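Reviewing the structure listed below.
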Amino acid sequence: MHVPTDAPRVLSVVPGISSTVAVPADPHALADLTLLVCHAALGVAENGAVWIATNDTWVRAGLFLAERVVIVLAAATIVSDLHEAYACIDIRATSFGAFVAGPSKTADIEQALVIGAHGPKELTLIVVT
């Protein structure tokens with residue numbers, strides 16, 4: 001996968017994708033992160049959500065602080081619906097888990113659509129076979 005050259009602050013946990021920043025001791029240091037590249041444990045065909053589970057505080061922070069997020073998902077881990085997804089998840093296995101379904105969007109501020117108000121402005125899902 002090619003990381004865009006306009007992404008100067010990249011943090012990746014995916015082999016083959018180089019990070020340009022080191023894993024910080026304090027996740028607050030990711031406040032100006034341009035791009036986070038991470039894996040999802042499973043995907044849900046019904047709604048396009050992916051389950052991300054991790055013990056790494058910096059991945060958790062990066063999901064919400066990065067301007068853009070790229071998530072890599074193995075095609076074999078896609079289930080049909082949320083009922084099947086919940087049957088596959090062990091919520092006690094990691095300290096953090098969340099279904100992520102796209103970039104942050106809200107329209108509750110003066111009825112105007114705002115993208116990235118409380119999360120990434122852009123989310124790209126890459127499904128690999």
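The set of residues in segment 61-79 being surrounded by fewer than 20 Cβ atoms within 10 Å (Cβ to Cβ) and in contact with a Ser or Thr (Cβ under 9 Å, 6 or more places away or on another chain) consists of Phe64, Glu67, Ala74, Ala75, Ala76.
Applying the criterion of being part of a strand (DSSP E or B) and not hydrophobic (A, V, I, L, M, F, W, C) to the residues of segment 89-111, the residue that is nearest to Glu122 (Cα to Cα) is Lys105.
Select, from Val14, Val69, Val21, the only residue that is under 14 Å from the mean Cα position of the chain (by Cα), farther than 23 Å from Lys105 by Cβ and of a type in the set (A, V, I, L, M).
Going through Val14, Val69, Val21 in turn, just one is under 14 Å from the mean Cα position of the chain (by Cα), farther than 23 Å from Lys105 by Cβ and of a type in the set (A, V, I, L, M): Val14.
In segment 89-117, which residues are under 18 Å from Thr57 (Cβ atoms), among the aliphatic types (A, V, I, L, M) and surrounded by 13 or more Cβ atoms within 10 Å (Cβ to Cβ)?
First, pick out the residues of segment 89-117 that are under 18 Å from Thr57 (Cβ atoms): 91-98, 100.
Subset that is among the aliphatic types (A, V, I, L, M): 91, 93, 98, 100.
Of everything in segment 89-117, those that are under 18 Å from Thr57 (Cβ atoms), among the aliphatic types (A, V, I, L, M) and surrounded by 13 or more Cβ atoms within 10 Å (Cβ to Cβ) turn out to be Ala98, Val100.
Could you check segment 1-60 and list, in sequence order, the residues that are outside any strand (DSSP E or B) and of a type in the set (Phe, Trp, Tyr)? Selection gives Trp58 alone.
Quick one: count up the residues across segment 76-108 that are hydroxyl-bearing (Ser, Thr, Tyr) and more than 22 Å from Val128 (Cβ to Cβ).
We begin by selecting, within segment 76-108, every residue hydroxyl-bearing (Ser, Thr, Tyr); these are 77, 80, 86, 94-95, 104, 106.
Still in the running and more than 22 Å from Val128 (Cβ to Cβ): 86, 95, 104, 106.
Of the residues in segment 76-108, 4 are hydroxyl-bearing (Ser, Thr, Tyr) and more than 22 Å from Val128 (Cβ to Cβ).
Residue pairs whose Cβ atoms lie under 7 Å apart, sitting 6 or more positions apart in sequence or on different chains, and linking a residue in segment 56-77 that is farther than 16 Å from Thr20 by Cβ to a partner that is part of a helix (DSSP H, G or I) and of a type outside the set (Lys, Arg), are Thr57/Pro27; Ala61/Pro27; Ala61/Leu30.
Looking only at segment 88-115, which residues are in contact with a strand residue (DSSP E or B) (Cβ under 8 Å, 6 or more places away or on another chain) and of a type in the set (Gly, Ala, Ser)?
Hits for segment 88-115 are Ala93, Ser95, Gly97, Ala98, Ala101, Gly102, Ser104, Ala107.
On the basis of being part of a helix (DSSP H, G or I), under 17 Å from the mean Cα position of the chain (by Cα) and not small (Gly, Ala, Ser), does Phe64 make the cut?
On the way: part of a helix (DSSP H, G or I): yes; under 17 Å from the mean Cα position of the chain (by Cα): yes; not small (Gly, Ala, Ser): yes.
The answer is yes for Phe64.
Coordinate-derived values only; no laboratory data. These figures come from a predicted structure and were not determined experimentally. Neighbour counts run over all protein chains shown; Cβ positions are idealised from the backbone, glycine included.
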